[in-house]
Amino acid sequence: MPATSSLTLPAATIPRVFSAGELCKAMRTTLPAVPDASGLDRVLRHDAERGLLEVQAGTPWSAVASHGGTAFATGTVGESVAANTAGRDGTPVVAHVHSLTIATADGELRRASRERAPEIFRLAVGGFGVFGPFYSLTLDLGSLARSAARAETPVILGLPEHVPAGARFRIELLLPPEASEAFVVQARAELGERRCRLAQLEARRTLPEEATFLRWAKRDYAAIAIEYCTRGTVGGCVNGTELRTKLIDLAIAAGGSLAPQCLAHATRAQAAHCYPMLGAFLAEKRRYDPAERVAGAWYRAVRDLWRREPCEARWSREQGVLPGKGALPSTTQAR
C-alpha cells in the first residue's frame, strides 16, 4: 500500500475551494486529503432552450428546486451524484445527470457524459468520489420535474417513543418488494432474539438503472433502513455487529442486496455476492490512480474489506451480550 494512502491532514490544513482553478491546485498539493468543495455552491449556467442546468458540486438541491422542482430534499448535488442516491420517487440521480466535470488525481478537469468519455461517467456516478471530486454537474431539468411530480413519502414501519442510550447501528438493505414484508418480520425477530432495541424502521421504493458501473439499482427494490441500539459495552457492540451481518444475510437469502454506502459493514463474501463487479471497480481505480492519491474514507474501507480475511470471534457471558443465554461463538471478519 502506498505510504500516502494512510496519511491524513488536520482539518485546518484541508483547503476550502471556491473555483475550478483552486480545486485543481488543491488536488495537486493536498492529496490524499480531498479538498473541501463546500465553497463550490453556485449555479453556473442555465440553458433554457435545452432544459439544462449546470451547477457546482456543492450546490444544495434547494437551489436547483427554484429552477423547476426536484425529488431530492436535502444535501448537495455532488453528494447525491457521488452515491447515485435515489430521489423521493425512487429514481436514481444518474437518470437526471446530463454530464459532469471531475477533478482527477493529477489535478486536471475532465468532462464526461454518456457520449463523451462514457467510461469515466459510468465510474464516477455512484463511485463515491473514488476517481476524484466533482467540480460541476449538468442536470436535465425536465427529468427532474417529472421525478418531482412522482415523489412519495417514505413509509415509517417502526419508530419507538423512547430509545435508550447505548451503541447505535444503522444498515440499509434492498429487498424485492414481494419479499419485504417477510423480511421485516424476520428482522424484528432477530432484534428481539438479541435484545436490541429498534430505533427506526423505514421503507421506500427505488427504481432500476443501467448507466453506472457500481450499479446497486439492478431492479425495483424496497429500500429498508433499520436503526437499532445495543448496550454500550464491548460485548454489546459485538452483538450489534453480528446482528448487522445477520440482517445482510437475510436480505441476500430473500433475493435482495445491500446499499453501497453500507459496504464497509459487509463481509467480503457478502460484498462479492451483492456487487460482483466490485473487484473490477477497484481495478479501474488502480488503473486511473495507481498511487491511490485520491483515497477517501469510503474507498479505504471498501479496499480494506476486499483484502480482509475472516477470523473467528468469541465473547463470554460476562461481557453481557445476551444475559442468561451464555456465550455465542461466531465467525466474523476482523474490523
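Is there a residue being touching a Ser or Thr at 6+ places or on another chain (Cβ under 7 Å), among the aliphatic types (A, V, I, L, M), within 26 Å of D304 (Cβ to Cβ) and modelled with pLDDT under 95 anywhere in the stretch 9-19? Checked the stretch 9-19: at least one residue is touching a Ser or Thr at 6+ places or on another chain (Cβ under 7 Å), among the aliphatic types (A, V, I, L, M), within 26 Å of D304 (Cβ to Cβ) and modelled with pLDDT under 95. Check the stretch 34-49 and report whether any residue there is open to solvent by 10 Å² or more (accessible area, probe 1.4 Å), touching a residue at least 40 places away in the same chain (Cβ under 8 Å) and of a type in the set (V, I, T). Scanning the stretch 34-49, I find at least one residue that is open to solvent by 10 Å² or more (accessible area, probe 1.4 Å), touching a residue at least 40 places away in the same chain (Cβ under 8 Å) and of a type in the set (V, I, T), so the answer is yes. Scanning the stretch 281-296 for residues that are touching a residue at least 24 places away in the same chain (Cβ under 8 Å) and not acidic (D, E) turns up F281, L282, K285, Y288, A291, R293, V294, A295, G296.
The helices (runs of 4 or more DSSP H) falling completely within the stretch 29-147 that include 1 or more residues that are among the charged types (D, E, K, R) map to 77-83, 118-124. Might you let me know whether the stretch 192-210 holds any residue that is among the charged types (D, E, K, R) and closer than 27 Å to S113 by Cβ? Yes, the conditions are met somewhere in the stretch 192-210.
One line per residue, one yes/no per condition, for (1) more than 17 Å from L123 (Cβ to Cβ); (2) surrounded by 24 or more Cβ atoms within 10 Å (Cβ to Cβ); (3) touching a Leu at 6+ places or on another chain (Cβ under 7 Å):
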position: W61; (1), (2), (3): yes, no, no
position: S66; (1), (2), (3): yes, no, no
position: G69; (1), (2), (3): yes, no, yes
position: V77; (1), (2), (3): yes, yes, yes
position: R88; (1), (2), (3): yes, no, no
position: T101; (1), (2), (3): no, no, yes
position: D106; (1), (2), (3): no, no, no
position: R110; (1), (2), (3): no, no, no
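Residues of the stretch 267-298 that are more than 16 Å from A105 (Cβ to Cβ), among the aliphatic types (A, V, I, L, M) and in contact with a helix residue (DSSP H, G or I) (Cβ under 9 Å, 6 or more places away or on another chain): A271, A272, L278, A297.
Condition check for A73 on (1) free of Cβ contacts under 8 Å to residues at least 40 places away in the same chain; (2) of a type in the set (A, V, I, L, M); (3) open to solvent by less than 40 Å² (accessible area, probe 1.4 Å): one failure, at (3). Scanning the stretch 171-187 for residues that are touching a residue at least 60 places away in the same chain (Cβ under 8 Å), farther than 10 Å from A254 by Cβ and open to solvent by 20 Å² or more (accessible area, probe 1.4 Å) yields one hit, E172.
The values are calculated or read from the model by the stated rules, or taken from the named source; none is laboratory data. In this text, all values refer to a predicted model and were calculated from it rather than measured experimentally. Backbone-built Cβ (ideal geometry, glycine too); neighbour counts: all protein chains shown. Heavy atoms of the whole protein, side chains included, go into the accessibility calculation; ligands, DNA and RNA do not. Shrake-Rupley method; radii C 1.70, N 1.55, O 1.52, S 1.80 Å.
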